[in-house]
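The values are calculated or read from the model by the stated rules, or taken from the named source; none is laboratory data. Everything quoted here is computed from the prediction, not taken from an experiment. Quick reminder, even Gly has a Cβ in these numbers, built from the backbone with ideal geometry, and neighbours come from all protein chains shown.
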Amino acid sequence: MVKQLGVLCAVLALGACTKTDDSFEREVAAHKVVEARHSGATTPTAVAPPGTLERRVLDLASCSLEGYQIAATCPAMRALTTELSSRGGSKELSLALGRTLLVHRSPAVRVEAAKLMGGDVASRRTIVETARRELLPGARQAFIEILATDGASVPAVATFLLESASHPDPQVRLQALAALTTGAHRSVPGAADTLIALVERDPDPTVRRTACALGGKLGSDALIPLYEKMTARTDDAELYTACMEGVVAMFHNAPSFDTASEAAYRLFLARLSAQPRTEHTPPWSVMSTFCYYSHGADLDKLAAWKARAPWFDAAAVKAVITSVIADRQASWMARSAAVESLVGLGASKDELAALKLGYNPKDAGDRPLLEKIDSALGQ
């Protein structure tokens, strides 16, 4: 996912060869001496030969990162995966050992050590301390993924994720965005403000679009002014589409259905009603929002969402969607996706059949939509 920094990769790749048994023991002993010095201890304790799990993690020094993941084809990674699947007991490194391996020169070892350190607060704080000093973008991305759901319970993690959203590398910012917009971080102070800043000022257009699309998952009405502004103009079709997807997520975040912003719902209907429609407005990607039958929706979650959203008017939504289907200026993809939403909202056979009025089966441009309607009628 991330382009590696060439110079750093070259430096970190040095010494990425497999160690002998003796060198494993010397390496672990050396790291523990360093750790003891940093902790203020005057005499390091004796080091026992590394156990199987520790040895398997150290073997990862022969592996590289592909983006922010350890290469799955690396023999050492395969051996570790086999080892973990066969262990009946603990699959976690101790805090002390994890702290030692987190400063290993191999990024693969550092990443795996963080994965195996457990989810307690002390481990998370230790990973944050190391992640803040991480120079390799791919490794920092991996640390973000490992910590991605802990921001609400561990304040240090929340701070780290917010800091990472302004990291110089755009791939790191994107990883931070993915973490900050999980349901676990809705209560994190500053999350919505960070999303707004990225949408409005980030120099990378991909980051801006991603922030606008994912921001709605926070479900915060603090984002409504941003979405009103960003969907008022359609000159940047890709950004407009992303922000419309964010608006949908604000009130109807499938498949979890864990957001319910009435203001976002009203904005969504207003934008779908806006004319003149074009090839890009409304975006086809939001027109199938209510297509439950093909999205495999959890009906219990959907029912719970409807109870939290008494303002949702299926008839009003169907009327707006029907107007899109009847508007030839809208793209055929948007109109076809709208048919799926009508089915999801319970449109009758008569309502679906009426959609065919004004379309000519002999017209090649009309056929895709007519075929979509016929398919819906046949279900």
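I'd like the full set of residues that are in contact with a Ser or Thr (Cβ under 7 Å, 6 or more places away or on another chain) and of a type outside the set (A, V, I, L, M, F, W, C), limited to region 70-109.
If the condition is that a residue be in contact with a Ser or Thr (Cβ under 7 Å, 6 or more places away or on another chain) and of a type outside the set (A, V, I, L, M, F, W, C), then Glu83, Gly98, Arg99 are the ones that fit.
Checking Gly151 against (1) over 25 Å from Met77 (Cβ atoms); (2) modelled with pLDDT of 95 or more; (3) not assigned by TED's automatic domain parsing to the domain that holds Leu65: exactly one of these is not met. Which one?
Every listed condition holds for Gly151 apart from (2).
Taking Ala353 and the conditions (1) modelled with pLDDT of 95 or more; (2) in a helix (DSSP H, G or I), which numbered condition does it fall short on, given that it satisfies the others?
(1)
Among the numbered criteria (1) outside any loop (DSSP other than H, G, I, E, B); (2) not assigned by TED's automatic domain parsing to the domain that holds Ser331, which single criterion is violated by Ser285?
Failed condition: (2).
If I filter region 47-58 for residues that are at pLDDT 90 or above, within 29 Å of the chain's Cα centre (by Cα), assigned by TED's automatic domain parsing to the domain that holds Ala108 and more than 21 Å from Phe143 (Cβ to Cβ), do I get at least one hit?
no
Just to be sure I understand, how many residues within region 322-379 are among the polar types (S, T, N, Q), over 22 Å from Pro283 (Cα atoms) and in contact (Cβ under 8 Å) with a residue 24 or more places away in the chain?
1
List pairs: first residue in region 173-189 and farther than 16 Å from Ala131 by Cβ, second residue among the acidic types (Asp, Glu) and assigned to a loop (DSSP other than H, G, I, E, B) anywhere in the structure, Cβ distance under 6 angstrom, at least six positions apart or on different chains.
Cβ pairs passing all conditions: Gly183/Asp258.
Within region 185-209, restricting attention to residues that are under 19 Å from Thr149 (Cα atoms) and polar (S, T, N, Q), which residue is nearest to the chain's Cα centre (by Cα)?
Thr194
Residues in region 274-287: is at least one in contact with a helix residue (DSSP H, G or I) (Cβ under 8 Å, 6 or more places away or on another chain), free of Cβ contacts under 8 Å to residues at least 40 places away in the same chain and over 13 Å from Ser331 (Cβ atoms)?
No: region 274-287 contains no residue that is in contact with a helix residue (DSSP H, G or I) (Cβ under 8 Å, 6 or more places away or on another chain), free of Cβ contacts under 8 Å to residues at least 40 places away in the same chain and over 13 Å from Ser331 (Cβ atoms).
Given the criterion among the hydrophobic types (A, V, I, L, M, F, W, C), under 17 Å from Arg209 (Cα atoms) and at pLDDT 95 or above, identify the matching residue among Ala156, Ala176, Ala139, Ala131.
Step by step, each of Ala156, Ala176, Ala139, Ala131 is checked, and only Ala176 is among the hydrophobic types (A, V, I, L, M, F, W, C), under 17 Å from Arg209 (Cα atoms) and at pLDDT 95 or above.
Could you figure out which of (1) among the charged types (D, E, K, R); (2) buried (at least 22 other Cβ atoms within 10 Å of the Cβ); (3) in a helix (DSSP H, G or I) isn't true of Asp150?
(3)
Go through region 299-321 and give me each residue that's closer than 30 Å to Asn360 by Cα and free of Cβ contacts under 8 Å to residues at least 12 places away in the same chain.
Those that are closer than 30 Å to Asn360 by Cα and free of Cβ contacts under 8 Å to residues at least 12 places away in the same chain: Ala315, Ala319.
What number of residues in region 78-93 are in contact (Cβ under 8 Å) with a residue 24 or more places away in the chain and within 29 Å of Asp169 (Cβ to Cβ)?
Of the residues in that region, 2 qualify.
Say we look at region 215-240 and pick out the residues that are within 18 Å of the chain's Cα centre (by Cα) and surrounded by fewer than 22 Cβ atoms within 10 Å (Cβ to Cβ); which of these is farthest from Ala304 (Cα to Cα)?
Leu239
Output yes when any residue across region 210-220 is in contact with a Ser or Thr (Cβ under 7 Å, 6 or more places away or on another chain), of a type in the set (A, V, I, L, M) and not assigned by TED's automatic domain parsing to the domain that holds Asp327, and no when none is.
yes
Restricting attention to region 30-44, does a residue exist that is modelled with pLDDT of 90 or more, outside the structural domain of Arg173 (by TED's automatic domain parsing) and surrounded by 14 or more Cβ atoms within 10 Å (Cβ to Cβ)?
Scanning region 30-44 turns up no residue that is modelled with pLDDT of 90 or more, outside the structural domain of Arg173 (by TED's automatic domain parsing) and surrounded by 14 or more Cβ atoms within 10 Å (Cβ to Cβ).
How many residues are more than 22 Å from Gly219 (Cα to Cα) and not in a helix (DSSP H, G or I) when one looks only at region 297-328?
Selection size over region 297-328: 3.
Mind listing whichever residues of region 94-123 are in contact (Cβ under 8 Å) with a residue 60 or more places away in the chain, of a type outside the set (Ser, Thr, Tyr) and either part of a helix (DSSP H, G or I) or surrounded by 20 or more Cβ atoms within 10 Å (Cβ to Cβ) (or both)?
If the condition is that a residue be in contact (Cβ under 8 Å) with a residue 60 or more places away in the chain, of a type outside the set (Ser, Thr, Tyr) and either part of a helix (DSSP H, G or I) or surrounded by 20 or more Cβ atoms within 10 Å (Cβ to Cβ) (or both), then Ala96, Arg99, Leu101, His104, Pro107, Leu116 are the ones that fit.
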